[in-house]
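I have placed the structure first, in the form of structure tokens, so that the comments after it can refer back to it.
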Amino acid sequence: MSDAENPEPGTETSPPWHELLRALIRWESLLVVLLLASIGYGASVSPHFLTSTTLFFIGLNVGEIAIIALPLTLIIITGEIDLSVASMLGLTGLFMAELFDHGWPIWPAIFAAILLGGVLGAFNGFLITRLGLPSLAVTIGTLTLYRGIAQGILPTDTISGFPQGLANIGVVPIPHTHIYWSVLIFLVLAVVFGVVLHATPLGRSIFAIGANQEAAFYSGIRVKRIKFWLFVLSGMICGLAGVLWTLRFASARYDSGIGLELFVVTAVLLGGVSIFGGRGTIVGVVLAVAVLGTLQTAMTADLIPAQDQNIVIGGLLLASVIVPNLGDIYRRGRDRLQAIVARRHAAVVAKEETT
């Protein structure tokens, strides 16, 4: 017989059904099931759901959300968070429009908007990594700050009149396809982010920081530097998304993308990224984006109001935090119950001894 059929002692492999079971209960597998269920739901409410046109509208719903979710994935894996992403999207898109309205050529204006996103992200990163402030508090503050700056620049008016060729990217798919332009950009970036996160020393450092920041620091990983540049990257990607958002609507307003951070965070956490850091995959985030886009498009086809759709999105956000941590919740509850029982038993024993 072969060595595979007679493994040496101590090197026994798991039965094939064990491997199959582990594959079936992976978070990504659950997302595939949820995606198929969303497709089935859409097909049940609209006979036109399973068409190539639907693919375009799904991309339309989640294109910019998906792009922003990629750098946020890396940030959350390190144990931090950035809630100012939607405000950076709005401010950078408005900045590009203002430059164009004041005579700048469109491409330099786009480049300047992306650079502004990097500056905004650097400000977040400086407060978090150099001053040691919590990222949750910092980015809630800059969420309001950046939106307020945008409102101060353009309180009520809108800016339009962008070049027709660029303005068409939000309403015309890629030639000979039904794929939205932002989806193509997202897929290219997803491959790049996936390679960096899962196949480079930088990616391993990001996971190490999220798993144990202090241990990562003492092992020689430049924790603060990596976190800082991740926030800069997040800002620049938000700048790109802000440009795409503005061109898609062919107009700029101070409230562009308002409330979008809920969907971005949901996409990342639903993708299996741990809110506590140290765990997550780009594949999971890609699947979560597909689930959100399909489900939202299906609910729209079912004439479900936007506020009710937000209830569903909020429920998915809670589920994506609770379900992966059910094991830890169970163990903490069990340990707490055992401690209570032990204290009561000790009290009974002490009472019997005194009597």
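The values are calculated or read from the model by the stated rules, or taken from the named source; none is laboratory data. Computed from a prediction, not measured in an experiment: that's the story for all the values here. So basically every Cβ, Gly included, is an ideal-geometry build from the backbone, and we count neighbours across all protein chains shown. Just the protein is used for accessible areas: all its heavy atoms, side chains included, with ligands, DNA and RNA removed. Shrake-Rupley method; radii C 1.70, N 1.55, O 1.52, S 1.80 Å.
FRET efficiency for Thr158 and Gln309, Cβ-Cβ distance as r, R0 = 22 Å, nearest 0.05?
0.30
State the label only: which of [x] 100, 47, 38; [y] 66, 46, 31; [z] 88, 53, 49 corresponds to Cα extents along the principal axes in Å computed from the shown model?
Correct label, based on the coordinates given: [z].
Quick one: what do you get for the stretch 220-355 if you divide its Cα Rg by 2.2 N^0.38 Å?
Ratio of Rg to 2.2 N^0.38 Å for the stretch 220-355: 1.64.
Can you give me the distance in nm between label points at Arg331 and Ser52, each placed 7 Å from the Cα along the Cα-to-Cβ direction?
Rounded to a tenth, the inter-label distance reads 5.1 nm.
Just add up the charged neighbours of Ser87: K/R +1, D/E -1, any other residue whose Cβ is under 14 Å from the Cβ of Ser87.
-2
Once you put a point 7 Å from the Cα of Leu187 and another 7 Å from the Cα of Val119, both along the Cβ direction, what distance in nm separates them?
About 3.6 nm, to one decimal.
Kindly write out, for the stretch 174-186 in residue order, the coupling ³J(HN,Hα) from the Karplus curve 6.51 cos²θ - 1.76 cosθ + 1.60 (θ = phi - 60°), rounded to whole Hz, with x marking Gly and Pro.
With the stated coefficients, the stretch 174-186 comes to 4, x, 6, 9, 10, 9, 6, 4, 5, 5, 4, 4, 4 Hz.
What's the FRET efficiency of Ile179 with Glu28 using the Cβ-Cβ distance as r and R₀ = 30 Å, to the nearest 0.05?
The calculated FRET efficiency here is 0.85.
If we count every other residue with Cβ under 13 angstrom of Leu136's Cβ, Lys/Arg +1 and Asp/Glu -1, where does the sum land?
-3
If you take the beta carbon distance between Leu36 and Thr354 as r and set R0 to 45 Å, what does 1/(1 + (r/R0)^6) give as a FRET efficiency, to the nearest 0.05?
My answer for the efficiency is 0.10.
If you take the square roots of the eigenvalues of the alpha-carbon gyration tensor of the stretch 157-206 and sort them as a ≥ b ≥ c, do you get rounded (a/c under 1.5), prolate (a/b over b/c) or oblate?
oblate
Which cross-chain or sequence-distant (5 or more) residues have an amide H under 5 Å from the amide H of Ile159, H modelled 1.01 Å from N in plane?
Ala252
How many percent of the accessible area of the chain is carbon or sulfur, using a 1.4 Å probe?
With neighbouring chains kept in place, the figure for the chain is 68 percent.
Between Leu262 and Val341, 0.36 nm times their residue separation minus their Cα-Cα distance comes to what?
24.3 nm
Full-extension gain between Asp255 and Thr144, please, as 0.36 nm times their residue separation minus the C-alpha to C-alpha distance.
Here the segment from Asp255 to Thr144 would lengthen by 38.8 nm.
Residue by residue, what Karplus-based ³J(HN,Hα) values in Hz, rounded to whole numbers, does the stretch 94-102 have, using 6.51, -1.76 and 1.60 with θ = phi - 60° and x for Gly and Pro?
Along the stretch 94-102, the couplings run 5, 4, 4, 5, 5, 4, 5, 5, 9 Hz.
At 1.4 Å probe size, with no ligands or nucleic acids counted, give the accessible surface of Trp104 in Å², nearest ten.
Trp104 exposes around 110 Å² with every protein chain in place.
Subtract the Cα-Cα distance of Val172 and Trp107 from 0.36 nm times their separation in residues, and report this length gain in nm to one decimal.
Contour length minus the Cα-Cα distance gives 21.4 nm.
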